[in-house]
């Protein structure tokens, strides 16, 4: 289904849609408040943007540096060209250790690779441990937001899910009590897991270490208890030096949730004694995007989701209205790299208001890239034929003054009828203006005819 | 100065009063104002819909007709942004001589007084392309000091009171063809905007972009007819009373 | 093995070298306030409790007075003894049920209320997550204004694990309602001591 059709469904419940909008807008407001307390905020954004641009121009070298440092620290480094290879590597490690239960903290990469399904097919139980992610996992649904995976759900709905899966009393809808139930349930999982998998927020070439940020502490609970820790990362997560973390960590939590810092910003350098630590570096289309000059900078993304929260379209259509697992503005410039036909409508699910680019902590020109994808998608024939026809006709008329004047007169003539019928997507909800008797150009010509010839403007 | 005035297609056909107001305002300031026969359109509707190649003719016509002017003014931020970006991409110097009306009045003309009077509560809709594209003001995402060229110009109008908005610069949901291909989201966004303006007591919603006002005005006509949408040129030129009674 | 394939693809795709910026030259850093009052205000904002004292004895007194007598307490701060011998705990799973973890922080960050904690001060990496309550000890002289100054103090060599820890664990995943105590500690206390008056 198209984004427009999904959005139509989402907006059928206006009260709920308004709630979704306001909830996410509040996150944007919190971001504004925290950013305003940082006098060097705009300088930070510029620095972050330039560090990422530099890194992308030396990506291969930094990955090699990271690999050798990490290996020297006793971390095993793996490379995966695509999602399938990533899944095979992860499963291989788990199978070698006879793992039956894996606790996983938030990793959009494993979502991208459909890891859970792959492991479950091999008989491994996968427990997502981020609260929001656990909720949607129990529903067998994907996250609707990359930072707040269950943001689309009401408390009562979470209560129903927990009643069914965790045995909480029916009708429980208190956030505190629901969270407590999840805490107890997931603590048991942490204590009995055979392995832990985490994502990576930043990997540092200089040290071979990596940083994982959470508020709940779930990544740490998993990684520090389990005998095996696997960290999966896209190759674009690398930054050159440890000191650069200062720039990115100051931006990340403030942009994501309006907190001055995440609660846990954990720096992993080496496995703990007796533990095995693995890192899987995944390409899966990223090197292709790196080669696309117009879209390269999308790889600078630090997954803060500030563009989701600020996007007026996302807030009013919800994460599930987008066809890609990463929704919102950033998802809409990443998805066409993967499949232009399947996600061809995503770059059109935007008014190009530019709020995403203005809020982005690493200054990705998101709305400009959306516009560029639109050109590519139509040029490759992924637009409906009637749209192409309509645009060709419009272009033709607007280029020919006589034809344009005639079309204008006709349009104004039929305008009251169109307004009355309310048959088209515009007039169904909006009136068209009352048709003026005379266009501006007609008025001007008349006025100038009435003037003495000497005062006429030069031709 | 002889100014080239670019009146975009939809303003020409549907909102001639906005063209007349811009024309009158520039004449009041002592300029000679010329409106060339071509082009009718900046090309943005095609370009934003993914048919940039179909808009090239419009930009070429614009270049041909307007290159002779030292300054070109247009009462439509969105069209100006598209022209500027297209011309900049082609490294054409004309890019720096095309101005949105408020930008022209504020930066080039540096007006400090206007003979206009408009004793009403007005909500200023900061159009996205004017705000974030042309930099007519500071957008709320940005942490730089606050400013707004349209608001500053409106402060010169006698009796006009600007209302404070809950969300000062959220998009109205027009978005060109977005408004017809995504009508539900578009209308939902527009409704939220008019609620914000009306809820803060605005009698009029104004903007430097008529396209946003076409969308908001269309909703107002159906849902809150007591509030009117007027282009900023109409207020600054003192033409609203004459046009709308 | 895909290593070579991936690196080749990246080399073909990556653009000409873009310079690595010097963040300070762009105006980054040195703009936040370095003061105990700022640190305390931030800790308050992020839901941590602050206690200030002149000596560690005051911390010991506070713990005696505020913790239940039967509470399992593990401490790595000399002078603040616990009743759980961390050295004897081989398997970190056995720390489950720990009431309070007491450990030192190397320094605190005024801009975000985080403290930097190193593995060697924890005994077990999981200590700050598995305990129900945290009690962190930091000297008043060991405060930095911002994260740039912080990273100048973070070591690398020989470090296995370290973290910036900012208050008690929390989540807002259900309807954006803030709940303190997600998977990690339900409460965090920062004891700031040795103030120069």
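Each reported figure results from applying straightforward, stated rules to the coordinates on display, with no laboratory input. Note that the structure is predicted; figures quoted are calculated from it, not measured. Heads up, the Cβs are rebuilt from the backbone with ideal geometry, glycines too, and the neighbour counts pull from every protein chain shown.
In whole Å, what three semi-axes, largest first, describe the equivalent ellipsoid of the protein assembly as shown built from its Cα gyration tensor (square root of 5 times each eigenvalue)?
55, 28, 26
Do you know the relative contact order of chain A, to the nearest whole percent, from alpha carbon pairs under 8 angstrom that are 6+ apart?
Relative contact order of chain A: 20 percent.
From zero outward in steps of 5 Å, how is the percent of C-alpha pairs of the stretch C:49-180 spread across the bins?
Spelled out bin by bin, the stretch C:49-180 gives 2, 9, 19, 20, 21, 16, 10, 3, 0 percent.
Mean 1/r over all different Cα pairs, inverted: what Kirkwood radius does the stretch A:155-284 give, in Å?
16.6
Just want the ordering: C:116, A:426, A:386, from fewest to most Cβ atoms lying within 10 Å of their own Cβ.
In order of increasing Cβ crowding within 10 Å: A:386, A:426, C:116.
When the helix-only estimate is applied to chain B (DSSP H runs of n ≥ 4, each -39,500 (n - 2.57), divided by the residue count), what is the mean residue ellipticity at 222 nm, nearest 500 deg cm²/dmol?
-12000 deg cm²/dmol
Based on the inverse mean of 1/r over its pairs of different Cα atoms, what is the Kirkwood hydrodynamic radius of the stretch A:39-284, in Å?
18.7
Relative to the first principal axis of the alpha-carbon coordinates of chain C, what is the inclination of helix C:36-45, with its axis defined by its Cα atoms, in degrees from 0 to 90 and to the nearest 10?
90
Specify, per residue and in Å³, the volume enclosed by the convex hull of the alpha carbon atoms belonging to the stretch A:386-455.
Cα convex hull per residue, to the nearest whole number: 108 Å³.
How many percent of DSSP beta bridges within chain C run antiparallel, rounded to 5?
DSSP beta bridges in chain C are roughly 25 percent antiparallel.
Once every DSSP H run of n ≥ 4 in chain C is given -39500 (n - 2.57) and the sum is divided by its residues, what mean residue ellipticity at 222 nm do you get, rounded to the nearest 500 deg cm²/dmol?
Value at 222 nm, helices only, nearest 500: -6000 deg cm²/dmol.
Can you tell me the Rg and the Dmax, both Å, for the Cα atoms in the stretch A:305-374?
For the stretch A:305-374, the Cα-based Rg and Dmax read 10.6, 30 Å.
On alpha-carbon atoms, Rg over Rh for the stretch A:330-440 using Kirkwood Rh?
Expressed as Rg/Rh, it is 1.08.
Rounded to the nearest 5, what is the percent of antiparallel bridges among the DSSP beta bridges in the protein assembly as shown?
Roughly 25 percent of the DSSP beta bridges within the protein assembly as shown come out antiparallel.
Give me the one-decimal Kirkwood hydrodynamic radius in Å for chain A, with the sum taken over alpha-carbon pairs.
24.7 Å is the Kirkwood radius here.
Take every residue in peptide B:192-201, count the Cβ atoms of other chains within 10 Å of its Cβ, and give the average of those counts.
1
By count of other Cβ within 10 Å, fewest leading, how are B:147, C:164, B:181 ordered?
B:147, B:181, C:164
With the convex hull built on the Cα atoms of the stretch B:121-244, state its orientation-averaged projected area in nm².
Projected over every direction and averaged, the Cα hull of the stretch B:121-244 covers 7.5 nm².
Say we join alpha carbon atoms closer than 10 Å with springs in a Gaussian network model of chain B; which of B:43, B:159, B:19 then has the biggest fluctuation?
B:159
Return the average number of partner chain Cβ atoms within 10 angstrom of each residue Cβ along peptide A:50-58.
5
Report the residue, chosen from C:140, C:60, C:150, that carries the largest GNM mean-square fluctuation when chain C is represented by alpha-carbon nodes joined by springs under 10 Å.
Judging by the Gaussian network model, the answer is C:60.
Given 4 °C and 1.567 mPa s, compute D for the stretch B:2-108 with the Stokes-Einstein relation, Rh being the Kirkwood radius over Cα pairs; round to the nearest whole µm²/s.
It diffuses with D of about 94 µm²/s by this estimate.
Hey, what did the stretch A:302-459 get for relative contact order, percent, Cα under 8 Å, at least 6 apart?
Averaging sequence separation for qualifying contacts and normalising by length gives 14 percent for the stretch A:302-459.
Highest GNM mean-square fluctuation, chain B, Cα pairs closer than 10 Å: which of B:208, B:60, B:22?
B:60
Of all beta bridges DSSP finds with both residues in chain A, what is the antiparallel percent, to the nearest 5?
25
Sorted from fewest to most neighbouring beta carbons within 10 Å, what does the list A:406, A:371, C:134 look like?
Exposure proxy ranking, most exposed first: A:406, A:371, C:134.
Is it possible to state the helix-based mean residue ellipticity at 222 nm for chain A, with each DSSP H run of 4+ residues giving -39500 (n - 2.57), the sum divided by total residues, to the nearest 500 deg cm²/dmol? What is it?
Computed ellipticity for chain A at 222 nm equals -16000 deg cm²/dmol.
In bins 5 Å wide, starting from 0, what share of all Cα pairs of the stretch A:1-61 does each bin hold, as a percent?
Computed distribution, short to long bins: 4, 14, 11, 12, 11, 10, 12, 16, 8, 2, 0.
Using alpha-carbon pairs under 8 Å, 6+ residues apart, how would you state the relative contact order of chain B in percent?
It rounds to 20 percent for chain B.
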